[in-house]
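Input: a single structure, listed below in structure tokens.
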Amino acid sequence: MLKTTTRISHLHLSILISVSLFLITLTFKSYFYFRPFEAGFNLLSLLQFLTIIGWISLIAIPPLYFSSEYKWTPSKYYSFIGLTTLWTTSTVLIKLYTLVTFGTIWAGYLSTYPVMIYFEWIAPLVYAWIGFKNYKPANPSRPNRERRYREEDRPERPVRERLED
């Protein structure tokens, strides 16, 4: 479990990032709010649907995870990393799809609107860093040593008596 001050600072950071990402979605409404299956069902529309789920989870999931006492279990860790990087993963897959299908990569918006670099790369990487930093998997090869002794509190070892011949 994280210390309370660390959890609170992660909560504040996630709220700040979520508010900024939400304001970006309001600024670029036509980019974020669309119907992916309007032109039919194909691979591109499925990837576009994943981007919608991705940006919604990138905004909503981190504050929810950090708002309560939690322990980074493997399922919580993997769901956190997966949901916060879904947006980036799906946009990379769309870029690869357009490169293979049309011969050009769809990334001109990153140079036109540099704030999208923050939305697409920086925010998910910050969340991934927090997730990697906070999750410490159990290592079964090393025993859990919760109690450590100071030198003066160390228990005495039995003295072996020498047997005299």
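What follows draws every value from the coordinates through simple rules; no lab data is involved. Source: prediction; values computed, not measured. Because the Cβ atoms are built from the backbone with ideal geometry, glycine has one as well, and the counts that use them run over all protein chains shown.
Worth a mention:
- Lysine pairs meeting the criterion (Cα under 26 Å, 8 or more apart or interchain), as found in region 4-137: 5
- For region 106-114, 3J(HN,Hα) per residue [Karplus equation, 6.51 cos²θ - 1.76 cosθ + 1.60, θ = phi - 60°, Hz, x = Gly/Pro]: 8, 8, x, 5, 5, 7, 6, 10, x
- Taking Ile17, Ile122 and counting other C-beta atoms within 10 Å, the order from fewest to most: Ile122, Ile17
- Remark: Thr85, Thr91 ranked as Thr85, Thr91, counting other beta-carbon atoms within 10 Å and listing the fewest first.
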